[in-house]
Amino acid sequence: MTSETPLSCALNAVDEANRADPNREQVNGESLPKEYAYSLHMTRWLFELEPNPSPRMQVACRAQHIERWTMPRSDFAEGRKAYYQWRQACGRMHGRRAAEIMAGCGFPDEECQRVETILTKRELRQDEDTQLLEDVACMVFLERYFEDFYEQKADYDREKWLRIVRRTWGKMSHRGHAAALKLAEGMPAHLLALLQEALADPEG
């Protein structure tokens, strides 16, 4: 007889899926499958922002990018419109996969459906769980990927970078803003200056 709960079953299943990612990320000197590493960052920041998160939020955050490498950006056309189409398609896929896993682990149907809705982010701003997921995702981006993204996109002009920062800031709640400002204290000087300039005129 197993003592595994629906939550531990779902988290283990998401981890197993994400460990199949062929891409790698260095975390504290260890090479991990990229989306598995990302899911751990999401879980860590979830508990930073919400010390007692619900089981559904733990699954939603862990599954935020589940198997994303199976739907690469290159499958879609170039340009901003296609980029958002890709993001929306990813969200639908992540939601379906998370709901399937939860159902298989014994979660009630309504909880499976809630997580699917959360991961599509259709109700951002109107739904507290969806907003929490977005805050967590923004914190992971700022902490783990902002600096590398800045280096990769060195051809972006200053105004484009300011728009990116303002868009990220605009997605976050007051709780997320407070955490981001605290995190910014340890950012490299050029990124801190960019953040400060963007927030000095948030409307752009």
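Please go through the range 1-36 and pick out each residue that is part of a helix (DSSP H, G or I) and out of contact with any Ser or Thr (no Cβ under 9 Å at 6 or more places or on another chain).
Pro6, Leu7, Ser8, Ala10, Asn12, Ala13, Glu16, Ala17, Lys34, Glu35, Tyr36
Residues Arg175, Arg144: which one is closer than 18 Å to Arg44 by Cα and in contact with a strand residue (DSSP E or B) (Cβ under 9 Å, 6 or more places away or on another chain)? Walk me through how you get there before you give the answer.
Numbers: Arg175 fails: in contact with a strand residue (DSSP E or B) (Cβ under 9 Å, 6 or more places away or on another chain).
That would be Arg144, the only listed residue that is closer than 18 Å to Arg44 by Cα and in contact with a strand residue (DSSP E or B) (Cβ under 9 Å, 6 or more places away or on another chain).
Looking at the range 46-90 only, could you name the residues that are assigned to a helix (DSSP H, G or I), in contact (Cβ under 8 Å) with a residue 60 or more places away in the chain and under 20 Å from Phe141 (Cβ atoms)?
Hits for the range 46-90 are Leu46, Glu48, Leu49, Met57, Ala60, Cys61.
Need the failing condition index for Gly106 against (1) touching a residue at least 24 places away in the same chain (Cβ under 8 Å); (2) more than 15 Å from Tyr38 (Cα to Cα); (3) within 20 Å of the chain's Cα centre (by Cα), just the number.
(3)
Report, by residue number, each residue of the range 171-204 that is crowded, with 16+ Cβ neighbours inside 10 Å and touching a residue at least 60 places away in the same chain (Cβ under 8 Å).
Selection gives Gly176, Ala179.
Is it true that some residue in the range 30-43 is of a type outside the set (Gly, Ala, Ser), surrounded by fewer than 17 Cβ atoms within 10 Å (Cβ to Cβ) and free of Cβ contacts under 8 Å to residues at least 12 places away in the same chain?
Within the range 30-43, one or more residues are of a type outside the set (Gly, Ala, Ser), surrounded by fewer than 17 Cβ atoms within 10 Å (Cβ to Cβ) and free of Cβ contacts under 8 Å to residues at least 12 places away in the same chain.
Just give me the residues in the range 98-131 being within 21 Å of Trp45 (Cβ to Cβ), charged (D, E, K, R) and part of a helix (DSSP H, G or I), in sequence order.
Across the range 98-131, the qualifying residues are Arg114, Glu128, Asp129.
Quick check on this structure: which one of Val165, Val136 is aliphatic (A, V, I, L, M), in a helix (DSSP H, G or I) and under 13 Å from the mean Cα position of the chain (by Cα)?
Exactly one of Val165, Val136 is aliphatic (A, V, I, L, M), in a helix (DSSP H, G or I) and under 13 Å from the mean Cα position of the chain (by Cα), namely Val136.
Say we look at the range 116-138 and pick out the residues that are among the basic types (Lys, Arg) and over 16 Å from His174 (Cβ atoms); which of these is surrounded by the most Cβ atoms within 10 Å (Cβ to Cβ)?
Going through the qualifying residues, I end up with Lys121.
Might you check whether a residue that is outside the structural domain of Thr70 (by TED's automatic domain parsing), buried (at least 19 other Cβ atoms within 10 Å of the Cβ) and either over 25 Å from Asn52 (Cβ atoms) or in contact with a helix residue (DSSP H, G or I) (Cβ under 6 Å, 6 or more places away or on another chain) (or both) occurs anywhere in the range 144-163?
Yes, there is a match, as at least one residue in the range 144-163 is outside the structural domain of Thr70 (by TED's automatic domain parsing), buried (at least 19 other Cβ atoms within 10 Å of the Cβ) and either over 25 Å from Asn52 (Cβ atoms) or in contact with a helix residue (DSSP H, G or I) (Cβ under 6 Å, 6 or more places away or on another chain) (or both).
The values are calculated or read from the model by the stated rules, or taken from the named source; none is laboratory data. This structure is a prediction, so every number in the text was calculated from the model and none was measured. Quick reminder, even Gly has a Cβ in these numbers, built from the backbone with ideal geometry, and neighbours come from all protein chains shown.
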